[in-house]
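Okay, so here's the structure we're looking at.
The values are calculated or read from the model by the stated rules, or taken from the named source; none is laboratory data. On a predicted model such as this, the values are computed, not experimentally measured, just so you know. Here Cβ is always computed from backbone atoms with ideal geometry, including for glycine, and neighbour counts include all displayed protein chains.
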Amino acid sequence: MNFSGKNVLVTGASRGIGQAIVRVLAQNNLKVWINYRGDAKPANELKAEIEDMGFEAAIIQADVSKVEDVASMFKAIMESDGQLSYLVNNAGITKDKLALRMSLEDFTDVINANLTSVFITSKEFLKAMSKKRFGSVVNISSIVSEMGNAGQVNYSASKGGVNTLTKSFAKEGALRGLRFNAVTPGFIQTAMTDELKDDIKDEYIKNIPLKRFGSAKEVATAVAFLLSDDASYITGEILKVNGGLYM
Ligand code: NAP
């Protein structure tokens, strides 16, 4: 893949899909900023792994749902590198419950972590890169943004918001040379889906045309394509990476 940019920030990057995105982008010769929220240890381990492979990485702490944290993170990156070519909004949480049992706090916590965070970071990205007239953002949404899901009123609403936010930022960003896209992964093998019981996993797999969960690397490769120059005429796209589960 071709990248004329130099560096990328991946949010919530020390495990799961974020970690796979870091690996793929580093292997494409981008300096990768690994954002983490709490525990620096896995972020440092990932940084060391990337450096051992001969690529460049840095770690940076921020809770992406907090305006001040994100502003400080962007300030530090801009001071260090003078630009931020690419942003991947990957950080996300679930707090699953049937709607009748879901508290308002369960709902707003997920909206803040998954949707408000993407508004905050994307706005900072626009501020940082508009004058440079170059940049690309990929947001990690979810298949449930398109299908809905019982027990995930909060999560599916947050990801549905990410899709339309992506399209609106794409329209505003286009005037400034910036592209915004999203991917909607289906069931991907990570800690998030490891929580599912085996019989529930088997039931889901029956309905997936490709008959398996996807890998984090398969999501990461789609993200890298949308970020790259190879996707230079693609903006406002919501790309499904779901093994055909929802078409
Ligand atoms: P994961 O293993 O739970 O990783 C999520 C990461 O986000 C963690 O590193 C977490 O950090 C970080 N995070 C959460 N809130 C944050 C915040 N406010 N600020 C900074 N970091 C924060 O999840 P995953 O499965 O890799 O999912 C990654 C993304 O893909 C999410 O947006 C998820 O919704 C989406 N997705 C996943 C699947 C799937 O099947 N796994 C399917 C569709 C979409 P902490 O360690 O501090 O909690």
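Hey, among 88, 24, 118, 70, which residue is modelled with pLDDT of 95 or more, among the β-branched types (Val, Ile, Thr) and away from the ligand (no atom under 12 Å from the Cβ)?
24
Tell me, which residue of the stretch 209-228 that is small (Gly, Ala, Ser) and outside any helix (DSSP H, G or I) is surrounded by the most Cβ atoms within 10 Å (Cβ to Cβ)?
Restricting attention to the stretch 209-228, the residues satisfying the condition of being small (Gly, Ala, Ser) are 214-216, 220, 222, 224, 228.
Then keep just the ones that are outside any helix (DSSP H, G or I); that gives 214-215, 228.
Values: 214: 22, 215: 14, 228: 20.
Among residues in the stretch 209-228 that are small (Gly, Ala, Ser) and outside any helix (DSSP H, G or I), the one surrounded by the most Cβ atoms within 10 Å (Cβ to Cβ) is 214.
If you check 104, 87, 100, which single one turns out to be hydrophobic (A, V, I, L, M, F, W, C), closer than 30 Å to residue 154 by Cβ and in contact with a strand residue (DSSP E or B) (Cβ under 6 Å, 6 or more places away or on another chain)?
Details: 104 fails: in contact with a strand residue (DSSP E or B) (Cβ under 6 Å, 6 or more places away or on another chain); 100 fails: in contact with a strand residue (DSSP E or B) (Cβ under 6 Å, 6 or more places away or on another chain).
Only one candidate passes the filter, namely 87.
Just a yes or no: is a residue in the stretch 37-52 part of a helix (DSSP H, G or I) and closer than 15 Å to residue 224 by Cβ?
Yes, the stretch 37-52 has at least one match.
A quick yes/no check of all residues on (1) in a loop (DSSP other than H, G, I, E, B); (2) of a type in the set (Phe, Trp, Tyr); (3) modelled with pLDDT under 95:
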residue: 131; (1), (2), (3): yes, no, yes
residue: 137; (1), (2), (3): no, no, no
residue: 149; (1), (2), (3): yes, no, no
residue: 166; (1), (2), (3): no, no, no
residue: 172; (1), (2), (3): no, no, no
residue: 183; (1), (2), (3): no, no, no
residue: 193; (1), (2), (3): no, no, yes
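What's the number of the condition residue 107 fails, among (1) surrounded by fewer than 22 Cβ atoms within 10 Å (Cβ to Cβ); (2) within 21 Å of residue 217 (Cβ to Cβ); (3) of a type in the set (Phe, Trp, Tyr)?
Residue 107 satisfies every listed condition except (2).
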